[in-house]
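Reading through the structure tokens given below for one structure.
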Amino acid sequence: MTAVSPHLSSIHSSAGTRRGQSVAFEGVSKIYDDGTPAVESLDLECPAGQITVFVGPSGCGKTTTLRMINRTVAPSTGTVSLGGRDIHAMDLTELRRGMGYVIQDAGLFPHRTIVENIATVPRLLGTPRREARRQALELMERVGLDQHLAKRYPYQLSGGQRQRVGVARALAGDPPVLLMDEPFSAVDPVVRAELQEELLRLQRDIEKTIVFVTHDIDEAVRLGDQIAVFTTGRLAQVGTPAKILTDPASDFVDEFVGSDAGVKWSSLLPARDIEPFTPPEDLDGWQLVIDDEGRCQGWRPPGAGDHLVDCRRTVRLASDSLRAVFDALLLSPCHLAPVIDDQDRVVGVVDYASALRALDRQREASR
Ligand SMILES: Nc1ncnc2c1ncn2[C@@H]1O[C@H](COP(=O)(O)OP(=O)(O)OP(=O)(O)O)[C@@H](O)[C@H]1O
Ligand SMILES: [Mg+2]
């Protein structure tokens with residue numbers, strides 16, 4: 001066998017990485033052998049280089065649909081294609097090599113070290129051991145794992161670390177498509193948020209076609225370029241997160257996105273076009289206290305001497321969402337939120353009126 005993984009050495013820089021290919025379902029149905037209908041007449045395109053999230057209640061056919069992409073489940077009718085080619089006309093080994101697969105609990109090989117786990121596919125593809133190891137170490141760094149973990153076994157890692165290994169292993173071999181089935185469901189919310197952030201950061205460089213299954217709408221909104229909402233074997237709606245949240249196609253979707261759809265939507269809206277201003281002199285006596293380096297010390301309540309109320313939240317308009325701005329305003333004792341720059345220096349404040357004007361502008365722009 002020859003080494004057929006020339007792409008991986010360059011995965012560290014985005015140049016040379018195999019960008020995603022589109023995945024499409026046309027008239028796809030799946031009825032399991034025992035007669036269970038899992039998917040009915042599915043038409044859906046997962047665009048190349050984007051994250052499509054399948055979301056929906058338990059048993060609605062998300063995993064079945066995902067597994068029809070790598071042919072671990074065969075459709076009863078219809079066509080699944082990859083980059084315009086019918087996957088059933090493709091060589092199965094070639095197809096699977098082009099698809100990384102990450103599942104809940106990572107599914108690592110328990111008797112192999114972390115570095116061996118990650119190097120599995122390159123080794124199968126014939127990459128020499130030393131080179132495969134070097135690539136695996138590079139990938140560890142890439143997914144935020146310290147290299148000192150390389151020689152450990154999966155049971156010696158935390159759940160979050162194991163999921164990172166799962167992602168690194170799926171990326172080894174540089175597949176154009178990543179299939180992820182509830183990969184972050186088993187970890188706590190803090191680690192989960194970190195893993196989501198990491199995946200988005202990684203995806204900005206590698207531009208794979210990612211199909212991501214979850215039953216968590218927050219995760220779908222956070223990660224998806226496109227969300228496909230499933231309801232028992234059918235698509236209830238396909239669209240951008242903003243579309244799903246602000247214009248649900250049915251009562252089912254409306255109920256599924258939850259009662260705080262508006263708040264979720266505000267997390268998608270950038271705050272960058274809000275202009276910070278200097279706090280007015282008369283703020284019912286409240287004063288923003290800043291140290292010599294321009295950093296926020298707190299709010300001094302009216303007539304309270306040296307006692308300061310913590311600012312709790314400051315906002316960076318260049319990178320924060322409108323949700324973060326509203327959050328800071330809600331927690332502020334005086335209806336103003338301090339705005340800071342990259343060096344944490346206060347550059348001004350924002351109020352509800354300026355945040356609402358920004359919201360209106362975004363609403364106008366999306367019409
Ligand atoms: N091998 C199988 N044989 C028969 N029925 C199956 C099989 N696998 C799944 N099903 C059924 O197909 C339907 C869809 O299952 P699937 O696993 O795709 O759902 P899911 O949306 O991934 O659910 P969950 O969120 O619980 O993982 C369910 O009714 C399930 O019981
Ligand atoms: Mg499932």
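Data overview
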{"read-out": "Segment Gln297-Arg152, length gained on full extension (0.36 nm per residue, minus Cα span)", "value": "47.8 nm"}
{"read-out": "Estimated 222 nm signal from helices in the chain, with DSSP H stretches of n ≥ 4 weighted -39500 (n - 2.57), rounded to 500", "value": "-9000 deg cm²/dmol"}
{"read-out": "Diffusion coefficient, µm² s⁻¹, Stokes-Einstein with Kirkwood Rh over alpha-carbon pairs of region 73-191 at 10 °C and 1.306 mPa s", "value": "105"}
{"read-out": "At R0 = 22 Å, FRET efficiency that the Cβ-Cβ distance of Asp225 and Arg19 yields, to 0.05", "value": "0.95"}
{"read-out": "Cβ-Cβ FRET estimate between Phe109 and Ala89, R0 fixed at 22 Å, reported to 0.05", "value": "0.10"}
{"read-out": "Degrees separating the helix 352-365 axis from the principal Cα axis of the chain, which is the longest one", "value": "40"}
{"read-out": "Translational diffusion coefficient (Stokes-Einstein; Kirkwood radius from C-alpha pairs) of region 8-266 at 10 °C, 1.306 mPa s, in µm²/s", "value": "85"}
{"read-out": "Partner aspartates and glutamates for Lys151 [C-alpha distance under 13 Å; skip if fewer than 8 residues away on the same chain]", "value": "Glu116"}
{"read-out": "Rounded tilt (10° steps) of 129-142 against the dominant C-alpha axis of the chain", "value": "30"}
{"read-out": "Virtual spin-label span in nm between Glu364 and Asp205, 7 Å along Cα→Cβ", "value": "4.0"}
{"read-out": "Inter-site label distance for Ser76 and Asp341 at 7 Å from Cα along Cβ, in nm", "value": "6.4"}
{"read-out": "Extended-chain gain in nm, criterion 0.36 nm per residue less alpha-carbon gap, Asp251 and Ala318", "value": "20.6 nm"}
{"read-out": "Tilt relative to the chain, helix 189-206 - C-alpha long axis, 0 to 90 degrees, to 10", "value": "70"}
{"read-out": "Apportionment of accessible area to carbon and sulfur, the chain, percent (1.4 Å)", "value": "48"}
{"read-out": "Cα-based reach from Lys264 at 22 Å (exclusive), listing lysines while leaving out same-chain residues under 8 positions away", "value": "Lys243"}
{"read-out": "Approximate spin-label separation Arg234-Glu275, in nm, with each point projected 7 Å along Cα-to-Cβ", "value": "5.1"}
{"read-out": "Accessible solvent surface per residue of region 133-249, calculated while the other protein chains remain in place, 1.4 angstrom probe, Å²", "value": "37"}
{"read-out": "Stretch gain in nm, segment Ala353-Leu283, where the contour uses 0.36 nm per residue and the Cα spacing is subtracted", "value": "23.7 nm"}
{"read-out": "For region 287-365, accessible area per residue (1.4 Å probe, heavy atoms of protein chains only), Å²", "value": "55"}
{"read-out": "All Cα pairs of region 287-365, percent lying beyond 17 Å", "value": "45"}
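The values are calculated or read from the model by the stated rules, or taken from the named source; none is laboratory data. Note that this is a predicted model, so its numbers are computed, not measured. Ideal geometry is used to build each Cβ from the backbone, glycine not excepted, and the neighbour counts take in all protein chains shown. Accessible surface areas use protein heavy atoms only, side chains included; no ligands, DNA or RNA. Shrake-Rupley method; radii C 1.70, N 1.55, O 1.52, S 1.80 Å.
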